[in-house]
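What follows is calculated from the coordinates using simple rules that are stated; it is not laboratory data. Everything quoted here is computed from the prediction, not taken from an experiment. With ideal geometry, Cβ positions are generated from the backbone for all residues, glycine too; neighbour counts draw on all protein chains shown.
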Amino acid sequence: MKVIITIAIAVVALFAIGWIGLQVKPQPFSIPQLDRTPTRTITIPAGLPAPVERFLRATYGDQIPQVQTVVLTGRGRMRPFGIWLPVRYVMIHNAGSDYRHYFEATFFGVPFLRVNEGYIDGQSFFESPMGTYYNDPNTNQAANLALWAEGAWFPSIWATDVRARWQAVDDNTALLTVPWGDEPETFVVRFNPETGLLATMEAMRFRAPNDKDKILWITSSSPDGSTAYATWMDDGKPWLALSLDQFSVNLDVSQYIRARGK
């Protein structure tokens, strides 16, 4: 009996230690020192659907920035195995063209799982302990959607890039069409009727390399815009929740976007 009690106590202690370790937030990454180009602004273009214009004015005012590149860092949680893991990340964008992500999942703040992924020159890559693949057709389609959905961090790109086209639906909804080969992709974009801020974006996306069918993919924002979420419709709850720590635009990322790690 004593042995059983001892084992039970040890198991409970291990679970407690594991739970505590997954509650510790990692230290954020810092943005490296890179050459910067001054950011110019323009007047919000005419002809945008009413909820889109309202959103841009709520975010920027009357002038919106012309964003060429973006580097942002932050922390959050991801659920790759059904368990929420604390993460820190860096994202680098050539706005509307290329991106690179680096994620570290941590335990007691110490990295134990690293993911490099991106979409460069129209080809995706994914490097992780869960698998590695390059230029996979399904992943290319998914990465292109991520490229444009992450514009939620710098949404002026949706009004300054001529390839992004808006179509009105109703007072709080619009369609955003973005380039993808010969068949452009379309997001259903919904805005908060009270604040005018972005609420959700929805698109059909491949989840894995071998999938035959696309799944509805939903990105959403907290009411104050501080946290972004990603959800697969068939799962029904977010698998990723990210908050922002640092954000900088129009840096020279020509080398940084093609690197690996932080």
Checklist entry - PRE reach from residue 58 (point 7 Å along Cα→Cβ): which of the range 175-193 fall under 14 Å by backbone N? => result 189-193
Checklist outcome for this item: Evaluated at 4 °C and 1.567 mPa s, the Stokes-Einstein D of the range 191-262 based on the Kirkwood radius over Cα pairs, in µm²/s, stands at 87 µm²/s
Checklist entry - How big is the C-alpha Rg of the chain next to the rule-of-thumb value 2.2 N^0.38 Å, as a ratio? => result 1.10
Checklist entry - Relative contact order of the chain: what whole-number percent is it, with Cα pairs under 8 angstrom and at least 6 residues apart? => result 21 percent
Checklist outcome for this item: Restricted to pairs 8 or more residues apart or on different chains, the lysines in the chain with C-alpha atoms under 29 Å apart form a number of pairs equal to 5
Item to check | Nearest 10 degrees, 0 to 90: helix 50-60 Cα axis against the chain principal axis | outcome: 70 degrees
Checklist entry - Mind listing the Cα extents of the range 103-212 along all three principal axes, in Å, largest one first? => result 45, 39, 27
Checklist entry - Given H placed on each backbone N at 1.01 Å, which residues far from residue 197 in sequence or on other chains put an amide H within less than 5 Å of it? => result 192
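So, with +1 on the Cβ of K and R and -1 on the Cβ of D and E, and no other charges, what is the size of the charge dipole of the range 139-262 about its Cα centre, to the nearest 20 debye?
Result for the range 139-262 is approximately 440 debye, rounded to the nearest 20.
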Item to check | Förster-model FRET efficiency, 51 Å R0, residue 237 and residue 33, C-beta, rounded to 0.05 | outcome: 0.85
Checklist entry - Where in the range 51-86 is the amide nitrogen less than 15 Å from a point lying 7 Å along the Cα-to-Cβ axis of residue 177? => result none
Checklist entry - Hey, in the GNM for the chain with a 10 angstrom Cα cutoff, which one of 248, 156, 124 fluctuates hardest? => result 248
Checklist outcome for this item: With only helices counted (DSSP H, runs n ≥ 4, each -39500 (n - 2.57)), the per-residue ellipticity at 222 nm for the chain, to the nearest 500, works out to -5500 deg cm²/dmol
Checklist entry - Which whole-number percentage describes the relative contact order of the range 16-102, with Cα contacts under 8 Å and a sequence gap of 6 or more? => result 30 percent
Checklist entry - Karplus couplings for the range 239-247 from phi (6.51 cos²θ - 1.76 cosθ + 1.60, θ = phi - 60°), rounded to Hz, Gly and Pro as x? => result 10, 9, 9, 10, 10, 9, 10, 9, 8
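If I stretch the segment between residue 252 and residue 134 completely, what's the gain in nm (0.36 nm per residue apart, minus their alpha carbon distance), one decimal?
Difference between extended and current length: 40.0 nm.
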Checklist outcome for this item: When the chain is treated as a Gaussian network with springs between alpha carbons less than 10 Å apart, the largest mean-square fluctuation among 162, 249, 87 is found at 162
Item to check | Magnitude of the charge dipole, the range 2-258, Cβ model with Lys/Arg +1 and Asp/Glu -1, debye to 20 | outcome: 820 debye
Checklist entry - Between 116, 144, 135, which gets the highest mean-square fluctuation from a Gaussian network model of the chain, Cα cutoff 10 Å? => result 135
